[in-house]
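Asker: Dropping the structure in here first, questions after.
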Amino acid sequence: MKKKPTGDLALIKKINTSIVLDAVLKHAPLSRAQISELTGLNKATVSSLVQDLIDNHFVLEIGPGQSSGGRKPVMLLFNGKAGYAIGIDLGVNYIRGLLVDLEGGVAREYQQVLKRQDAGFAIEQLEQCIETLLRDAPESPYGVVGIGIGVPGIVDGSGTILFAPNLKWRNIELQKHLEERTGLPVTIDNEANAGAQGEQKYGAGRGIANQIYVSVGIGIGTGIILNKELYKGASGFSGELGHLSIEYNGKPCSCGNQGCWELYASEHALLSSASPLGCESLEDVLQAAAEGDEKIIGLIRSTGDFLGAGIANIVNVFNPNVVILGNRMSRLAQWLEPAIQEAVDRRALQYHRERMRILFAELGEQSAVRGAAYYAISSFFAKIKSGQH
Ligand SMILES: [Zn+2]
């Protein structure tokens, strides 16, 4: 059993510091008096803790705010530029990296085509991305505090990629390797989880309690946010809804099943039917649809119909507030949306769909990389708050 905190002054101070820091993170700009009101801590305690946070570069004082009579109070802000974090989205055929400040604001971007998928080559390219972003990081009190990476596969609690079917990787100890190489804390998660986190924190899911993020790229993955928290399952493997069976005697899938959702509703599925019509890439499909090519628009609609069928299942299971469609296929929103909505209206249970909204990722193709960076930021804050830093 844990020791009770009673009487442990150092621990109480840590807890109170974390309460004050949270108040600044959530409600800035605000004054010391407002922190005291919000938290119930007395003014002297708040003043002393705020001074610690100022000394440690986490809080800044700005000019006086509105007075409610008497002297105008000094307002406090969180200092987002106290440090930086790196987020990376490792795709099947690309690497996207961001350097962000501690508020998640984007400072630098990096993008590269991944020409080969073998782990040796891909990890070398990942390291190059990290080195570039580290080199570009502005001077700051804490420097780069960590790295978060979203990957298209199943990841265990130690950051080992157990299986990434579209990269054909098994058992790659990516977190351990990169921590040794960089000396920085590294967090690795599935790209759909990272995307769900990105949209929840910075995008279309802000302030929404129950959000299912559907990442539609070469395959389909989902990230489940319940009560504003990422639901990871017993071993961190939740959300493999791309392998929901939607055709009983359907096509064989790389997972061993047949008739999986992603075989009918992913970018890969769309391209395999668009390729005989001369569209070899998603960009080709976009262009043809924008030019009014009826056959291509018909193919997009039928992909939207399959997407809607899977989403109807998700809606019936989770009764979410929103389903957010993200990753590359969100670029076709204009044509997909009516088909998806129509299929969901036809298939999902009436009570479940009544107040449920289908949205498209607000961060576009940056949902996963922004979410990955947030992993690095939140583990840094967790350390600060527990006094390990
Ligand atoms: Zn499958």
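The values are calculated or read from the model by the stated rules, or taken from the named source; none is laboratory data. Since the model is a prediction, treat every value here as computed from it, not as a measurement. As a convention, Cβ positions derive from the backbone with ideal geometry for all residues, glycine included, and neighbour counts pool all protein chains shown.
Asker: Conditions first: (1) closer than 19 Å to Arg331 by Cβ; (2) within 8 Å of the ligand (Cβ to nearest atom); (3) not β-branched (Val, Ile, Thr). Leu263 passes all but one, so which condition is the exception?
Answerer: Just one mismatch for Leu263, condition (1).
Asker: Take segment 242-253 and flag every residue that is near the ligand (Cβ under 8 Å from one of its atoms) and among the hydrophobic types (A, V, I, L, M, F, W, C).
Answerer: Passing the criteria: only Cys253.
Asker: Could I ask something else about it? From the list Ala194, Ala209, Ala234, exactly one residue is under 20 Å from Gly87 (Cα atoms) and hydrophobic (A, V, I, L, M, F, W, C). Which is it?
Answerer: It is Ala194.
Asker: Within segment 241-254, is there a residue that is in the same structural domain as Pro320 (by TED's automatic domain parsing) and touching a Pro at 6+ places or on another chain (Cβ under 7 Å)?
Answerer: Taking every residue of segment 241-254 in turn, at least one turns out to be in the same structural domain as Pro320 (by TED's automatic domain parsing) and touching a Pro at 6+ places or on another chain (Cβ under 7 Å).
Asker: Of a type in the set (Ser, Thr, Tyr) and either within 11 Å of the ligand (Cβ to nearest atom) or not assigned by TED's automatic domain parsing to the domain that holds Ala333 (or both), is that true of Ser273?
Answerer: Spelling it out, it is not the case that Ser273 is of a type in the set (Ser, Thr, Tyr) and either within 11 Å of the ligand (Cβ to nearest atom) or not assigned by TED's automatic domain parsing to the domain that holds Ala333 (or both).
Asker: Do we have any residue at all in segment 240-255 that's in a helix (DSSP H, G or I), out of contact with any Phe, Trp or Tyr (no Cβ under 9 Å at 6 or more places or on another chain) and charged (D, E, K, R)?
Answerer: No, segment 240-255 has no match at all.
Asker: Let me ask something additional. Return the pairs, sorted by first residue and then second, in which the second residue is among the hydroxyl-bearing types (Ser, Thr, Tyr) and near the ligand (Cβ under 9 Å from one of its atoms), the first residue lies in segment 245-269 and is on the phi < 0 side of the Ramachandran plot, the beta carbons are less than 7 Å apart, and the residues are 6+ apart or on different chains.
Answerer: Final answer for the pair search is Asn257/Ser245; Cys260/Ser245.
Asker: If you go through segment 338-389, how many residues are under 26 Å from Ile300 (Cβ atoms) and basic (Lys, Arg)?
Answerer: Of the residues in that region, 4 qualify.
Asker: Next up: Being within 16 Å of the ligand (Cβ to nearest atom) and either of a type in the set (Val, Ile, Thr) or surrounded by fewer than 23 Cβ atoms within 10 Å (Cβ to Cβ) (or both) is true for just one of Gly239, Gly278, Gly256, Gly233. Which residue is that?
Answerer: Gly256
Asker: Residue check: is Arg346 part of a helix (DSSP H, G or I), without any contact (Cβ under 8 Å) to a residue 40 or more places away in the chain, surrounded by fewer than 21 Cβ atoms within 10 Å (Cβ to Cβ) and of a type in the set (D, E, K, R)?
Answerer: Here the answer is yes, as Arg346 does meet what is asked.
Asker: To continue, here is another question. Closer than 19 Å to Gly304 by Cα, modelled with pLDDT under 95 and near the ligand (Cβ under 10 Å from one of its atoms): is that true of Gly219 in this structure?
Answerer: So Gly219 passes the test.
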